[in-house]
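The values are calculated or read from the model by the stated rules, or taken from the named source; none is laboratory data. What you are looking at is a predicted structure, and each value in this text was computed from that prediction instead of being measured. Cβ atoms come from the backbone with ideal geometry, glycine included; neighbour counts cover every protein chain shown.
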Amino acid sequence: MNKVGEDIIRVAVVDDQRLFTKGLSGLVDMLPGVEVVGVAYNGEEAIALCRKEEPDVVLMDISMPKMDGISATREIKDLLPQTAVVILTGHEEDEHVFEGIKAGAQGYLLKDSEPEDLSRAIHTVYAGDTIVAPDLAQKMLNTFEGGRPAGGTHLAPPLTERELEVIKALAHGMSDRQIANSLGISEKTVRNHTSNIYRKLHIFDRTQAVIYAVREGVIDVRDLEYRPPGES
């Protein structure tokens, strides 16, 4: 669908079930401000599609022939760090969802989600935010705890008071604009703080910021929730 005069979010749909893929891509293409730039039916096709089209968001199935969605997500994030990946799953407790998040996905979406949930998810990850349920965040935290050195010593360098405020806001899903308004600083300053945080902690996205914030006690995992962009 050609949507002239809009700030379009370019989306790729990846799933090996062709009827589902065609139906989902048709639905996504009808959403305001969103356009499907292509579909793929396995991980290898997904990588080729992303290399060609450089989509803003990829809706990625997990179990596919030739290459699974987790491996494809990892390669796509290496190739296009700015592209957001959302894992498509039939069950919220699917073990593979966790693996997808670790591979670099910004969150997950149930395949039977309502159109408005689909739209919110696409806009959320496009804005740089994540979709991480509290129980999944806790599971990710437990993984970090399992790899912590004996004695519980934290090797991460200390953050400034302002950087702690920013990472707390990031972990709660706030956009750069919301953080800027909340802290009384410019969006450029927010981005500078975010870059410093990523550099100091050797992390690359907001999902990892969530993990760090929970692990270090900056936020309580029970306080995490999915907040669509624009919601304070």
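Here are the numbers:
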item: Where a residue in the range 170-187 is within 15 Å of VAL210 (Cα to Cα) and its partner, wherever it lies, is charged (D, E, K, R) and buried (at least 16 other Cβ atoms within 10 Å of the Cβ), with Cβ under 7 Å and at least six apart; result: LEU170/ARG206; HIS172/ARG227; GLY173/ASP129; GLY173/ARG227; SER175/ASP129
item: Test result for ALA180, among the hydrophobic types (A, V, I, L, M, F, W, C) and modelled with pLDDT of 80 or more; result: yes
item: Close pairs (6 angstrom Cβ cut-off, 6 or more residues apart or separate chains): under 16 Å from PRO65 (Cβ atoms) in the range 13-25, of a type in the set (Val, Ile, Thr) and assigned to a helix (DSSP H, G or I) anywhere; result: ASP15/THR21
item: From the options GLU53, GLU35, GLU44, residue that is surrounded by 14 or more Cβ atoms within 10 Å (Cβ to Cβ), closer than 21 Å to PRO115 by Cα and among the acidic types (Asp, Glu); result: GLU35
item: Residues being in a helix (DSSP H, G or I) and at pLDDT below 80 - total across the range 113-140; result: 7
item: Hey, LEU79 under 25 Å from LEU31 (Cα atoms) and of a type outside the set (Lys, Arg) or not; result: no
item: Residue that is modelled with the highest pLDDT [pool: residues in the range 150-176 that are more than 23 Å from the chain's Cα centre (by Cα) and charged (D, E, K, R)]; result: ARG162
